[in-house]
Amino acid sequence: MLDRPSSKSQSPLDRVFDRVKPTSAKSEFLKARNAEALYVKQLRKIARHIGDLVKGFNPLSHNDMMILQSALRRYGLAIEPWARSTAWRMITEVAARDKLAWGRVSAQMGFALKREIETAPTGQAMRQLLDDQVVLITSLPLEAAQRVHELTMAGISEGSRGGNIVEEIMRTGEVTKSRAVLIARTETARTASVLTQVRAVHVGSTHYTWSTVGDSDVRPDHKALNGGVFAWNEPPIADTRTGARANPGCIYNCRCIALPIIPDDDD
């Protein structure tokens, strides 16, 4: 975290930190994340179908479990085109809202940023985000297949298929649903954060202010980061348990946002 410089003998970069942001800046960048609900809904469909598949097989039959694993793997391959289309819809919606947020904020701040924002190199970032999403979405049936395999092997090693193992196999759809929701929420936020960073860096921003949503669900680590100023290329520790570093929105279930600090036009 950076300390704010004193008002005396400030360099052009120092004066960046004294920029007074419009009060609506936070709400504008939060709006760019409203695509989350649809993405959650779409990924839940996969979990629901996986749950239906699992219910169609007998967990007490080793042969059925082998067929189920194969079916889940085939499903993972079959949904790739759908995954690409669904992910691209989320990414383009977030990108459009992020661009709109930038336009509104730049107009309120009196900066001539519109042309720079329109020419920001977001294309490469969006393509990488798309590839990441396809991998994550198609991993859902593959992880379910692996889960069924491990539970089946556990049942065999114990010499019988115990009630707990059968129950766990039947919970595969529920487990996948939780994983799908986590992916959708985390990746929508990460997409918004990455695109905000690309546009911010393009117009000369080197730092941002960490901002939480301010409710009771904010994790302690992020409450401590709230209001802190950090460099885009030097993320702070966002999880003290693991030591993981991340910018706002780029770690699991993070709803925080980065408020870009933009240099003065004459800096």
Open item on the list: If I stretch the segment between ASN226 and ASN63 completely, what's the gain in nm (0.36 nm per residue apart, minus their alpha carbon distance), one decimal?
Closed with: 53.3 nm
Task: Surface share of carbon and sulfur [accessible, 1.4 angstrom probe, percent] for the stretch 162-243 - done: 49 percent
Task: Gain upon complete extension [SER157, ASN253; 0.36 nm per residue less C-alpha separation] - done: 30.9 nm
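Rg over Rh of the stretch 145-218, using C-alpha atoms and the Kirkwood radius, what does it come to? Provide the component values of the computation, followed by the final result.
Numbers: Rg = 21.3 Å, Rh = 16.3 Å.
Using Cα coordinates only, the ratio equals 1.31.
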Open item on the list: Using a 7 Å offset from the Cα along the Cα-to-Cβ direction at both LEU100 and VAL175, what is the distance between the two label points in nm, to one decimal?
Closed with: 4.0 nm
Task: Separation of the LEU77 and LEU142 label points, Cα + 7 Å toward Cβ, nm - done: 1.2 nm
Task: Gain on full stretching of the segment that runs from ASP131 to ALA37 - 0.36 nm per residue minus C-alpha separation - done: 31.8 nm
TODO: Calculate, for ASN233 and ARG44, the FRET efficiency according to 1/(1 + (r/R0)^6) with r their C-beta to C-beta distance and R0 41 Å; round to the nearest 0.05.
DONE: 0.70
- [ ] Take the Cα gyration tensor of the stretch 160-267, multiply each eigenvalue by 5, square-root it, and list the three semi-axes largest first, rounded to whole angstrom.
- [x] 37, 15, 11
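Past 20 Å, Cα to Cα: identify those pairs from LYS41/LYS223; LYS26/LYS177; LYS26/LYS99; LYS41/LYS99, in the order given.
LYS41/LYS223; LYS26/LYS177; LYS41/LYS99
The values are calculated or read from the model by the stated rules, or taken from the named source; none is laboratory data. All figures in this text were calculated on a predicted structure; none of them were measured in a lab. Because the Cβ atoms are built from the backbone with ideal geometry, glycine has one as well, and the counts that use them run over all protein chains shown. Each accessible area value is taken on the protein alone, full model and side chains, heavy atoms only, with ligands, DNA and RNA left out. Shrake-Rupley method; radii C 1.70, N 1.55, O 1.52, S 1.80 Å.
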